[in-house]
């Protein structure tokens, strides 16, 4: 099973990643060998690889245990691969060696790559074949359409989902005489200035790495109904190209930069000593934009007595708010596995779809339920009524703010990870005054288009399903 | 050109080990002084103290009447030939010899003439462009000497310079060093553990033991009148035969009870000794009076050509006798060793010479 | 009597060489060959197929300003970090060899860093050099905005150079000290008696005699600065800000593994390999001439 790893090794390079991934794949392969020899009457085992780590990985492990305890025919073996990138990389390496897991968690922007891979077993088909009736209209439309094909088929199952929210410090806003979160960016600008004048060192924190493409570029564009790329953000063809240098996003980056220059925004990242969430929870910074998934962390780590809340991301005045984008990952069933493992995988996906599982999942993580039934079940249980979960329903409100448009259903661009990296690079260049806002975004589009062009060339004569 | 004076020089290492425990030696100008002793006796340390490579814990070292305790090795104007020659491996022979002169700012043409004339004396002229690794052991040795000579220093120091050579070459170089030293007339200090080298080279011989000087003097004086049992057994090959005495009722006896039959030269005498060549070996039963007569049993015979060594058991110990030419004795023979009284050496309980 | 074993038949010799040849083939020539093949094709990451594109991958890389930036950054990183790591190690080793005060301390402490994995080391340095929380926060308090590796590319480059040099100072130190100690003491003493002071002794005797070690370390340091820098970049800067620390090896990783552009990454790794080969040949051709082997 090491063959493709040797292939993947850039010869002469002894980089850590290769060793790391080599070991991971080796371990996974060994595991595979071990799993290939089950005892006669034992349940059918199948692999599930996921990209969460730390507390979240422990929750997934519990979820797996619960599934295994709920029935005796199948046993899912859940293995964390550390993060989303590594999960996709390791799965590809394993797939090329014929040692792929049955179910794998792939992050949102990996969807286009997966759809063209030819390496999956369509989830809807799997469920139908195994006699599970899933009501796909039960999924929140913003979530379902992100992962569905242009024809509406669910090739994968939404799993952990989130969206971006604005976290705001009520105490700081009270100082400037406000009891409500700002609704527009114009309002935000004024509030930040007022907080600065009131003596706050860091009215708002952002970070400008690849990771923040999600809330700064993708969520912003969706809420404002601005395209990220042509061809309906890529849903309509591999010849989609970036468009962010001509949309309202340019103004937004310009404002962020202006506020940064005026000292209203500070850059906070782990590399610099304190990330955004820590900066907010410690009371250092008063506003951040981040995932609802951080709701639990802030709740657990915020400074004693600090009053805070979450709100939907602001929009520019006069904008008709659209739904925000779903973030997170979906579960893909990979091709090339025996039928009995597919039966197990179907049972596992059905288990995850259950509203009770949704409650367990959302209670123990910051993720939101992906289906209306789950949301309703949780609401009826009083989940959102009190701390620490109160406020998380804002995420659902944000996701369902409107019926998804051609643009707000999601992003389907190849190698989007690289485009996000390019976003980080250009934002850093802009904020370091190396280039102007327009020049930086033009370069982002130019380099991003080169990535898209390359992706298109790699898959000649192929179209997205 | 220079005298070297050591006054109660001591070396105590930071670990507390006393390597040199107070040595005083006065070396007159132009003389060759040899420090000899077993390994660990402090002779090399003493040499390095003179060189300035080791600090002096107490006492003084003076070169040409000037105390140099606080003077660095470079400023003492001395040159040293190291045991392993310490040639600079990356420099040609020429540069090895010229290095010290260059460091002292000698003009280029003077360096050249001095290196070439020294090379001529040492028969190195043809080797000047070679690197040390391309030379034989003997040639390297000459280069090491050349490097010392070319500087024309006040004092030469030699640290066992011949020990890495084979026996034949060693004999040859010994003579060469002696001649060279005499020709150049440079005060020299030479360290060795080889008593033959010490005897043949030294104008002044210093026998050292355990950090102390046992005896200083002309080599033959030391040979003829060793100041202690240590010197007696260290100088001379084979060494002096030493027999312990115990006081009996009718005078001193040897370890096996043999009475020596006459009074020792000193009442404190506790050991008697005689050189292997200073006694006669006879099968004759009649003993001359006033002589030590020892019945002996031959255990081994070593003929070396011009002479033979007889290893015998006598007086309760093993002794060695030197006889001229071929020995008539065979292992197992019973014979007598006769040493005349004036050829005997006497030592007290502490090993010091008496009488 | 010494018995000499000789092989009458060459086949036996080949037999002994086979395991080694297999290893070299499996772990070098075969993957290298694969990389060459990949670099001439467009590979679908999931293995669905590929298209022969000739030298297009190389053309597009060499036409990319980002790639040239990456080469420049790598060369600057290699030159500065190798220089720093070697000079500091050389000075420390020379001091240690001279048994100056504290030498025992250096000897023990300096051996540790090389044993630390690059990512762990990078984590430590990230903390130390964090502008708001770490050691540099003190400097920033005195001169606000002085140290900002998050936005200032030069600061970020300085950070990874510091981390890499720190690691290799220890490595180089061990070799330098061993080299110094392999110089017979009597040579130093002889030169002292030849009237050479500390500096001159170092220049004329010690330095020439450790040139084989210097040369060896130069080759190793430069090569490793192209390769071992990965973990440090990954943890400390992720290639940023604005690609300022996007060294070649990191770009290969991010394009290949994160971006799933296997073909572009393969082409980059071929270029990196050639660059290292050329650098090494250059070093052997032009620098080794000045090396004195004993």
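Some notes on this structure:
- Filter result (within 13 Å of residue B:243 (Cα to Cα) and in a strand (DSSP E or B)) within the stretch B:270-292: B:271, B:272, B:273, B:274, B:292
Quick grid of which residues meet (1) crowded, with 22+ Cβ neighbours inside 10 Å; (2) within 17 Å of residue B:155 (Cα to Cα):
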position: B:20; (1), (2): yes, no
position: B:27; (1), (2): yes, yes
position: B:37; (1), (2): yes, no
position: B:42; (1), (2): yes, no
position: B:49; (1), (2): yes, yes
position: B:58; (1), (2): no, no
position: B:70; (1), (2): no, no
position: B:80; (1), (2): yes, yes
position: B:102; (1), (2): no, no
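Yes/no matrix, rows are residues, columns are (1) surrounded by 21 or more Cβ atoms within 10 Å (Cβ to Cβ); (2) in a helix (DSSP H, G or I); (3) touching a residue at least 24 places away in the same chain (Cβ under 8 Å); (4) not assigned by TED's automatic domain parsing to the domain that holds residue B:114:
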position	(1), (2), (3), (4)
B:143	yes, yes, yes, no
B:162	yes, no, yes, no
B:189	yes, no, yes, no
B:198	yes, yes, yes, no
B:215	yes, no, no, no
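- Where helices (runs of 4 or more DSSP H) sit wholly within the stretch C:182-267, those with at least 2 residues that are without any contact (Cβ under 8 Å) to a residue 24 or more places away in the chain, within 23 Å of the chain's Cα centre (by Cα) and surrounded by 21 or more Cβ atoms within 10 Å (Cβ to Cβ) occupy C:248-253.
- Unique residue being over 19 Å from residue B:182 (Cα atoms) and in contact with a strand residue (DSSP E or B) (Cβ under 9 Å, 6 or more places away or on another chain) when the list is B:105, B:100: B:100
- Filter pass, residue B:128 being free of Cβ contacts under 8 Å to residues at least 40 places away in the same chain, more than 13 Å from chain C (Cβ to nearest Cβ) and crowded, with 16+ Cβ neighbours inside 10 Å: yes
- So residue C:72, is it closer than 24 Å to residue A:271 by Cα, more than 8 Å from chain A (Cβ to nearest Cβ) and either surrounded by fewer than 15 Cβ atoms within 10 Å (Cβ to Cβ) or in contact with a strand residue (DSSP E or B) (Cβ under 6 Å, 6 or more places away or on another chain) (or both): yes
- Within the stretch A:434-462, the residues that satisfy the criterion of being more than 9 Å from chain C (Cβ to nearest Cβ) and either surrounded by fewer than 17 Cβ atoms within 10 Å (Cβ to Cβ) or out of contact with any helix residue (DSSP H, G or I) (no Cβ under 6 Å at 6 or more places or on another chain) (or both) are A:436, A:438, A:439, A:446, A:449, A:452, A:453, A:456, A:461.
- Residue satisfying condition, being within 26 Å of residue C:152 (Cα to Cα) and facing another protein chain (nearest Cβ under 7 Å), within set C:225, C:254: C:254
- Lone qualifier among A:424, A:366 - being in the same structural domain as residue A:269 (by TED's automatic domain parsing) and either surrounded by fewer than 19 Cβ atoms within 10 Å (Cβ to Cβ) or in contact with a helix residue (DSSP H, G or I) (Cβ under 8 Å, 6 or more places away or on another chain) (or both): A:424
- Elements of type helices (runs of 4 or more DSSP H) contained in the stretch A:385-465, each with 1 or more residues being in contact (Cβ under 8 Å) with a residue 24 or more places away in the chain and within 17 Å of the chain's Cα centre (by Cα): A:393-399, A:416-431
- Within the stretch C:49-65, the residues that satisfy the criterion of being under 22 Å from residue C:279 (Cα atoms) and in contact with a helix residue (DSSP H, G or I) (Cβ under 7 Å, 6 or more places away or on another chain) are C:58, C:61.
- Residue within the stretch A:101-110 that is in contact with a helix residue (DSSP H, G or I) (Cβ under 9 Å, 6 or more places away or on another chain), buried (at least 19 other Cβ atoms within 10 Å of the Cβ) and part of a loop (DSSP other than H, G, I, E, B) present: yes
- In the stretch C:31-51, the residues that are within 20 Å of residue A:94 (Cα to Cα), part of a helix (DSSP H, G or I) and within 7 Å of chain A (Cβ to nearest Cβ): C:31, C:34, C:35
- Within the stretch B:257-294, tally of residues that are surrounded by 13 or more Cβ atoms within 10 Å (Cβ to Cβ), more than 17 Å from residue B:239 (Cα to Cα) and either in contact with a strand residue (DSSP E or B) (Cβ under 6 Å, 6 or more places away or on another chain) or touching a residue at least 60 places away in the same chain (Cβ under 8 Å) (or both): 15
- The lone criterion from (1) at pLDDT below 90; (2) in contact with a strand residue (DSSP E or B) (Cβ under 6 Å, 6 or more places away or on another chain); (3) over 29 Å from residue A:355 (Cβ atoms) left unmet by residue A:136 is number (3).
- Subset of the stretch B:70-93 [out of contact with any strand residue (DSSP E or B) (no Cβ under 8 Å at 6 or more places or on another chain) and within 7 Å of chain C (Cβ to nearest Cβ)]: B:73, B:74, B:84, B:86, B:88, B:89, B:90
- Test: residue in the stretch B:85-95 that is under 15 Å from residue B:142 (Cβ atoms), surrounded by fewer than 18 Cβ atoms within 10 Å (Cβ to Cβ) and in the same structural domain as residue B:159 (by TED's automatic domain parsing): yes
- Scan of the stretch C:137-154 for residues that are in contact (Cβ under 8 Å) with a residue 12 or more places away in the chain, assigned to a helix (DSSP H, G or I) and more than 9 Å from chain A (Cβ to nearest Cβ), ordered by number: C:154
- Complete set of residues in the stretch B:321-348 that are part of a loop (DSSP other than H, G, I, E, B) and out of contact with any strand residue (DSSP E or B) (no Cβ under 8 Å at 6 or more places or on another chain): B:328
- For the stretch A:111-148, filtering for residues that are outside any helix (DSSP H, G or I) and either more than 14 Å from chain C (Cβ to nearest Cβ) or at negative phi (or both) leaves 13.
- The set of residues in the stretch B:97-111 being more than 9 Å from chain C (Cβ to nearest Cβ) and touching a helix residue (DSSP H, G or I) at 6+ places or on another chain (Cβ under 8 Å) consists of B:97, B:98, B:106, B:110, B:111.
- The residue that is surrounded by the fewest Cβ atoms within 10 Å (Cβ to Cβ), among those in the stretch A:295-331 that are out of contact with any strand residue (DSSP E or B) (no Cβ under 7 Å at 6 or more places or on another chain), without any contact (Cβ under 8 Å) to a residue 40 or more places away in the chain and on the phi < 0 side of the Ramachandran plot, is A:304.
- Single residue of the stretch A:253-272 satisfying the filter (closer than 17 Å to residue A:212 by Cα and not in a helix (DSSP H, G or I)) that is modelled with the lowest pLDDT: A:269
The values are calculated or read from the model by the stated rules, or taken from the named source; none is laboratory data. Quick caveat, the model's predicted, so the values are computed rather than measured. Cβ atoms come from the backbone with ideal geometry, glycine included; neighbour counts cover every protein chain shown.
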